[in-house]
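Okay, structure first, notes after.
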Amino acid sequence: MTAMWWIPDGDKYPPAIVLAVLGFYIASQGWRHKGSTSNSAKPLFSAALTASALICGTGYLLNGGSISELRTLAALAIFAWLSTTLKLNYWAWVAIIFIASVGFVSISYYQYFVGGESRAHLFYNPIPFATGLATVMVSSLFIAVTSRKLPVTISAWTTTLLLFSATAMTGTRGVVLPASAIICTVTIYHLYSRKKLRKTTIIGAFSAFALIIAAGAYIFENRIDRTVTELSLIASGNKTSSIGLRLQFWEAASVMAGMEPLTGLGEGHKSAYQDLAAQGLVDQTAAEYAPYHYHNQFLDTLVKRGIPGLLALLTLLGLPLVLAAKYYRDTPLILGSIGAITALYTVASLTDVPFNHPVTINLFVLSSIALFSLKAELQH
């Protein structure tokens, strides 16, 4: 799930190797236990992945696009079908999240404190890297609030808070804000629902939580100051800051979305954008930027793949939560984790394109498959 992040160009090579090895193993196991799936969650999710891959492939053939995105969706669709009978042990999931957490936290802390990086990012743009950190954080958070084993609970809370501070080190506003909202909401609800907890325990938990939030705010201080400055510039009519440029990209994308609503513009979006710049819809600074994407997943997909592409995206994003609510409503670990991951990716999609990056696509899909594969009798 996360080793691909830790290797240069890891999104290109390890996934194919892992897919081949695990695919063979899972397929052989699935053949032995054919028809043993307990519900339709994974087949339906597999069908949605397949549809997304086909729409992405059709768009690529018609108008060009990202081959890495197409390769990722196609590989994941195959993997999803092969894993429909996979059963994942609860402790295996705990181990996966803890190992991923150690890797992400170590990398982030090293880059920020030792390497002197102003924004932790590893080999990637800080924005998708932050999305990866927050996704693992959410998974760790729900292990913490659902586990009945004290050592697991303490370890999961520790990794959750460390991952939150690591996410703050990326300086990514569009991810830190929803991550903060999720961790605060879940923590408050968890403490409120545990009526048997002593007041001293609740006070201690809130104190520790407040301390970590304060540390995160301190790390994120420069980005907060920059946000205030950028908003002031926009109020004065200057749209050349990071937020201002995004506003111009969104405005241009809204216009381009209506040019080819059925097929999308594909790679033609670049020339269409420059045409709009020539008409004065965006200023020269934004025109020179020549964006590869429009910093909004929904607008970006609508521009490049049209309405079919947007519908495929919305299905891929929302279907895991619908399936979790239908089949796992009595399993807080699965329902809560998928709900929070869906919320995280939805908010992140408002200012970035997590479904354009192979690493974040992989993490979203593999997290969903893993959670749907957890045995019904979770041993906490």
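So P320 fits all but one of (1) in contact with a strand residue (DSSP E or B) (Cβ under 9 Å, 6 or more places away or on another chain); (2) more than 22 Å from C184 (Cβ to Cβ); what number is the exception?
Single failed check for P320: (1).
Looking only at the range 67-123, which residues are within 22 Å of P358 (Cα to Cα) and among the acidic types (D, E)?
E69 - this is the single residue of the range 67-123 that is within 22 Å of P358 (Cα to Cα) and among the acidic types (D, E).
Quick one: would you say A348 is within 9 Å of the chain's Cα centre (by Cα) and small (G, A, S)? Let's see the steps before the verdict.
Working: within 9 Å of the chain's Cα centre (by Cα): yes; small (G, A, S): yes.
When the stated conditions are applied, A348 passes them.
From V145, V94, which residue is at pLDDT below 95, within 21 Å of L344 (Cβ to Cβ), crowded, with 19+ Cβ neighbours inside 10 Å and β-branched (V, I, T)?
Values: V94 fails: at pLDDT below 95.
V145 is the lone residue from the list that is at pLDDT below 95, within 21 Å of L344 (Cβ to Cβ), crowded, with 19+ Cβ neighbours inside 10 Å and β-branched (V, I, T).
Pick from the range 293-329 the residues that are outside any helix (DSSP H, G or I) and in contact (Cβ under 8 Å) with a residue 60 or more places away in the chain: which of them is nearest to A343 (Cα to Cα)? It would help to see each step written out before you state the result.
Within the range 293-329, the first condition is being outside any helix (DSSP H, G or I), and the residues that meet it are 293-296, 328-329.
Next, from what is left, pick out any that are in contact (Cβ under 8 Å) with a residue 60 or more places away in the chain: 293, 328.
Working: H293: 22, Y328: 17 Å.
Restricting to residues being outside any helix (DSSP H, G or I) and in contact (Cβ under 8 Å) with a residue 60 or more places away in the chain, the top hit is Y328.
A quick yes/no check of all residues on (1) surrounded by 21 or more Cβ atoms within 10 Å (Cβ to Cβ); (2) under 25 Å from the mean Cα position of the chain (by Cα); (3) farther than 15 Å from G59 by Cβ:
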{"site": "E251", "(1), (2), (3)": "no, yes, yes"}
{"site": "L262", "(1), (2), (3)": "no, no, no"}
{"site": "G268", "(1), (2), (3)": "no, no, no"}
{"site": "L276", "(1), (2), (3)": "no, no, yes"}
{"site": "A287", "(1), (2), (3)": "no, no, yes"}
{"site": "G306", "(1), (2), (3)": "yes, yes, no"}
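From the list T346, T301, T331, T360, exactly one residue is surrounded by fewer than 21 Cβ atoms within 10 Å (Cβ to Cβ) and closer than 30 Å to E260 by Cα. Which is it?
None of the others qualify; the one that does is T346.
The values are calculated or read from the model by the stated rules, or taken from the named source; none is laboratory data. Keep in mind it's a predicted model, so treat the numbers as computed, not measured. With ideal geometry, Cβ positions are generated from the backbone for all residues, glycine too; neighbour counts draw on all protein chains shown.
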